[in-house]
C-alpha cells in the first residue's frame, strides 16, 4: 500500500530557528504539493513541483520559506527563520500527471507535520 | 477567480441519519470537482470525484452529483455511522495537466451513537 510519508510528524521549535520538513512522495509520482492548514486560513497551497521543477510557489512567503526537490524521492520545505505565525500543519501530497491521464489525476496526501513555533 | 463555498459546521447527527453537506463553486468553464475527507490526526483522502456535468461520484455510501446549472456538488449519505465523523472538504480543479486544487474551508461532521 503505497503512501506519502512525512517527517517529522511533530515539531516544536523556538522563534528564529530553522525548520526543515521532509516528504517522500509515492514512488513513480511526478507531481508534489506542499499545503499549510490552519484554523484561520484553512488549507492553502504553498508550492508544487512537476518532475522536480517548481511550477507554482506563489502561495509561499519567499523571504523565509523555500521548497526544493533534491531528487525524485525527496521534497523539502524549509522555514528560516521561523515565526509563531508559521505554526500550522504542513501537508505534502503527490500525484501522477501524464498525457492521457487527465481525468485520473488524484492527489495523495501524507499525514502532515504539525509545527509549533514558540 | 475560482472558489469553493461549503456550509459551516459542525454538522451534528445521530447514527443512521441522512447527511447533506452543501458545496457550491465559482469557476469558468468546466472544472473537475472533488470531495476529500480528513479523519482526526490524518491527511486528506480522496472520497469521490466528478469530472463533467451530471456525473455522479460515489464511494463508501457517499454520493455527489455535479450540477452545472446550480454550480453545486453537494455530498450526501443515506445513513451515517460514527466512523464517518471527520472533516469533509469540497474542492475543484480547473483544467488538466495541472493538479492545483482549490479547497473549501471544510465541514466538520460529528456522528453520535
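Two numbers describe the Cα atoms of the protein assembly as shown: Rg and Dmax, which are 17.8, 51 Å. The mean number of Cβ atoms from other chains found within 10 Å of a Cβ in peptide A:39-50 is 3, as a whole number. Take each peptide in A:89-98, B:64-73, A:41-50, A:13-22, count the other Cβ atoms within 10 Å of every residue, and average; sorted highest first, the result is A:89-98, A:41-50, B:64-73, A:13-22. Between region B:58-81 and region B:26-46, the C-alpha centres lie 12 angstrom from each other. Remark: the Cα gyration tensor places chain A in the prolate category, a/c being 1.5 or greater and a/b exceeding b/c.
What does the structure give for B:100-107 when I average, per residue, the other chain Cβ atoms found within 10 Å of the residue Cβ?
Values: counts 8, 9, 2, 6, 2, 4, 3, 0.
Per-residue shielding by partner chains comes out at 4.
Each value in this text was obtained by applying a stated rule to the coordinates, not by laboratory testing. The structure presented is a predicted model; accordingly, all values stated were derived computationally and were not measured. Note that we place each Cβ from the backbone using ideal geometry, even for glycine, and neighbour counts take in every protein chain shown.
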